[in-house]
Amino acid sequence: MSEAPMRSIKPYGVAISDAIVSGDLAKMKEVAAAAEQHLAEHGDVAGVLNLLKVEIAKAEAGS
């Protein structure tokens, strides 16, 4: 399995939290723009993750 998708997803939670904590408006806007770009390119990761979890549960139940 390629690690590229994980690299593109992982940093946003930390980056968003760090930007909020910093209180730096320019940084918050920069991170928001990057996160919006990520969503535009990759879609609703949380939504498809839920679908993936459903399929995992189905596969485990069938094992």
* To do: Would you be able to tell me the number of residues in segment 37-57 that are open to solvent by less than 60 Å² (accessible area, probe 1.4 Å) and under 18 Å from Ile16 (Cα atoms)?
  => 3
* In segment 34-63, what count of residues is obtained for those that are of a type in the set (Gly, Ala, Ser) and closer than 16 Å to Ala15 by Cβ? -> 2
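The values are calculated or read from the model by the stated rules, or taken from the named source; none is laboratory data. As the structure is a computational prediction, the values presented were derived from the model and not from experiment. Reconstructed Cβ throughout: ideal geometry from the backbone, glycine too, with neighbour counts over all protein chains shown. Accessible surface areas use protein heavy atoms only, side chains included; no ligands, DNA or RNA. Shrake-Rupley method; radii C 1.70, N 1.55, O 1.52, S 1.80 Å.
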